[in-house]
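Chemist: So that we are looking at the same thing, I have put the structure below in structure tokens.
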Amino acid sequence: MHPARPSLPARRCPACGSAVDPLRAGAVVLLDDGARYLCGEPCQILFRDGKRPHDRFRPPVSTVRTLSERVRDATQAQEAAPRSARTLRRRAARSTLYTRGDRVNPTQGLAFAGAGLLASFGASFALLAVLSALCTVLAAAVALRDALPARRDVGTLGWALGPLGAALAALAGLAAQFVSTASAWPLAGAAVAAGAMELRAWLDDRSRAPLAQALATLRAALPTSARVPLSNEPLDMSFRLVHISEVHAGDRVLAVDGEVVPVDGVVEAGTSSVLLHPGATAAVERGPGEAVLAGARVTRGAVRLLATRVGDDRGLVRAPSFSADNGAGSSRIVRLAGQFARWGGVAAVGAGAAGLLLAQGGSLPERLAAAAAALLAVPLLAVRRGSDSPLVAAGLAGAPRGIVFLNGRAVEDAGNIAVAAFMSRGTVTTGHPEVLEVHAVGDADVDELIGLAMAAQLVAQGHPIALAVQRYGASKGIAVGNVRRATLHPGRGVSALAPGSKALVIGTRQLLLDEGVSVAVADAIAGRAEERGHTAVFVALDGRVRLVITLQDPVRIGARAAAQRVFDLPAEVVLISGDHRSTVEALGLQMDVAHVKAELLPDERAVEVRRLGESAGHVAVVGRVQDIEALGAADVPVVLGAAGGIEGEAAVALANEDIRDAAAALFIARAARTEAVRCLTASVVVGATVGVGAMLGLVPPVAAALLALAVDAFALPSGVRLLRRVDLRVPARG
């Protein structure tokens, strides 16, 4: 190489592949991932047209390992999950009603029933009559086997009465062949009744299958293992993968980017971007103290969680427990249905016994037929399934949308509200106000007063208005002033002593009046801002109003749609706020809400919620964790952004802070409660009416069985109907 001609290692032209000295390249293209050296303009044109077969550029591989990579490297492999007797008992106790299993195939039962029906038409022959009765009994036995999942919910009597009634009807039909004039109809009716019982078992299985599929989908979204620290030392990077059954409430769990959170919990350390629920499409930042729901996916960063709910108590898969009819969290409707199902079996046996005595005609076949009809008439399975399936479906429909109901009672109560009270700050509005204007009164020094306000409001650290003033002062380059004895007045403002022991008061009209400061000179300025829906904050120094700070807190997207959905339930919507009445009325006007409660302190909001409950009925309060007083006074607290945390142990908790999801939760609950009440009422009324008629011999077994099957066809798919309705009416939002 000539010393006067320096050169660099040759690079290949990405367009033609020729060797190019970077110092003498005919053309250079600069891209984000580095430079490309080309032979000349023709190759440059080809490169820009996308013809670059020899472009083999690879960015340098970073040697810096990310936190997630270091955590994975420091994690010990998962050991085999222990199978202790306690664990096995707990798994065995889990309800299998809504878990996928072998599907009921009605072919065998219907084949026996069909054979019995065909043989009944030759009932004049004793052999065919006996064959018909035998086939009917076999069909009833198959129906009894296929209906086995119902035994846990309706009891042994409720499970066995229908098939036994069909078998008894076959016996009555057979007796009729030898006691009275031979007729095919009693045996044919018994065969049809047995077929109806098989169809009941098949319909029950078919109606539970979509719920089981929805639950299986939710379970599949949850990991089966969790990463737990080996010690409590914050700097110890030693972890172990354990089976999820080994994690208990109070344990610490770590999740890094790309992983799904295995438990409900509260962030102890770390900040990350999280898809808050399985249906979420937009990631949200989560940091210390904030709740995360099991099933959330970490997209960036890492978090250490304190587990609050594990196993089947996790919000995502809690819905099957809503069918329980015992305990404080059980629904009143389900408890009532459970009583009907248990005692209804006893009543049906009593009605059957009475039918043997009271049936018209008095002959043995007629009395047996009356007893059989009484056993067939009572749709006990419809009573139970029709009341609990909608509640389970409500939980399954809400979970993928980030809506978590606490228990079955919560679904029922949320579906029975007469009033929905929306907190304004952070619920209807974004909760992030910004300073729009600062009006000086007289010859006030704006920068000095803003600096004093910034200093005084440090005592209200975290309050949205205080943060807005801090941001405004920082943006203007204003230095924080010096104050003494700063005091927070919840819901009203702050007071302090400025240099020279001058009294500094920052807050609402009422606070200034309580401190002996007249607001008359600034009232007109504040009034104009409040009429536009803005918040006015007064700043007084040394007994005189010096500033009026105007802030705007934008209304959340979908707030009006949320209010309209609640109106459509129907329920009344009330807006509760600590702001001035003019501000709240302007906010209500944007939502078409006329009923507002303004200028309320936190404790007064709780009193107002109780007053609404006394005058109107059940009250739901929609708010954030900070609205604890009002939420605690509500019949149905709906907490935004709290699902998975301690505060999420309310009736309804949302994973995100979308007010439309709060309205959707109330809609789902109302639809579930309406469906449950309708099915329970229809099942009890029709069952009781037909049962009495059957006991008196007025309703033959075949009619009783078909009427009961009609009730089953209405009540058993109630949960499926609700899932479809929610899918149509409640869009999934990320």
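Chemist: What's the ranking of 218-231, 663-676 by average number of surrounding C-beta atoms within 10 Å, highest first? Provide the component values of the computation, followed by the final result.
Modeler: Working: 218-231: 16.9, 663-676: 25.4.
Most protected by this proxy first, the peptides run 663-676, 218-231.
Chemist: A further question on this structure: For n ≥ 4 DSSP H runs only, could you compute -39500 (n - 2.57) per run for the chain, divide by its residues and tell me the 222 nm figure to the nearest 500? Write down the numbers at each step before the final one.
Modeler: Numbers: 22 runs with 337 residues, N = 734.
Taking each H run of at least 4 residues, the total per residue is -15000 deg cm²/dmol.
Chemist: Two-decimal Rg/Rh of the chain from alpha-carbon positions, Kirkwood Rh?
Modeler: Expressed as Rg/Rh, it is 1.15.
Chemist: State, as an integer percentage, the relative contact order of segment 434-552 based on alpha-carbon contacts under 8 Å between residues 6 or more apart.
Modeler: Working: 220 pairs, mean separation 35.5, N = 119.
Reported relative contact order: 30 percent.
Chemist: Let me ask something additional. Using the 10 angstrom Cβ neighbour count as an exposure proxy, how do TRP202, TRP343 rank, fewest first?
Modeler: On the way: TRP202 20, TRP343 14.
Going from sparsest to densest Cβ surroundings: TRP343, TRP202.
Chemist: Kindly write out, for segment 364-375 in residue order, the coupling ³J(HN,Hα) from the Karplus curve 6.51 cos²θ - 1.76 cosθ + 1.60 (θ = phi - 60°), rounded to whole Hz, with x marking Gly and Pro.
Modeler: With coefficients 6.51, -1.76 and 1.60, one gets 4, x, 5, 5, 5, 5, 5, 5, 5, 4, 5, 5 Hz.
Chemist: Only Cα pairs under 8 Å and at least 6 apart count here; give the relative contact order of segment 263-331 as a rounded whole percent.
Modeler: About 36 percent, as a whole number.
Chemist: Going by amide H atoms built from the backbone, whose H comes under 5 Å of the H on ARG556, apart from near neighbours?
Modeler: So ARG556 has HN proximity to THR429, THR430.
Chemist: Another question about this same structure. Find, to one decimal place in angstroms, the Kirkwood hydrodynamic radius of segment 391-515, where the mean of 1/r is taken over every pair of different Cα atoms and then inverted. Spell out each step's value before the answer.
Modeler: Working: mean 1/r = 0.0564 Å⁻¹.
The Cα-based Kirkwood calculation yields 17.7 Å.
Chemist: Please arrange LEU305, LEU640 by how many other C-beta atoms lie within 10 Å of their C-beta, fewest to most. Walk me through the numbers before you get to the answer.
Modeler: On the way: LEU305 27, LEU640 24.
If I rank by nearby Cβ atoms, fewest first, I get LEU640, LEU305.
Chemist: Could I ask something else about it? Quick one: check the C-alpha center-to-center distance for segment 642-709 versus segment 351-400, whole angstrom.
Modeler: Using only Cα atoms, the two centres lie 17 Å from each other.
Chemist: What is the antiparallel percent of DSSP beta bridges lying wholly in the chain, to the nearest 5?
Modeler: In the chain, DSSP labels about 75 percent of beta bridges as antiparallel.
Chemist: Just need the relative contact order of the chain here, percent rounded to a whole number, with Cα pairs under 8 Å and 6+ apart.
Modeler: Values: 1636 pairs, mean separation 106.6, N = 734.
So the answer I get is 15 percent.
Chemist: Going by C-beta contacts inside 10 Å, put CYS43, CYS16 in order with the fewest on the left. Mind dumping the intermediate values first?
Modeler: Numbers: CYS43 26, CYS16 18.
Going from sparsest to densest Cβ surroundings: CYS16, CYS43.
Chemist: Which angle from 0 to 90°, rounded to the nearest 10, does the C-alpha axis of helix 185-220 make with the longest principal axis of the chain?
Modeler: 20
All of the numbers you see were taken from the coordinates with simple rules; none came from a lab. This structure is a prediction, so every number in the text was calculated from the model and none was measured. Note that we place each Cβ from the backbone using ideal geometry, even for glycine, and neighbour counts take in every protein chain shown.
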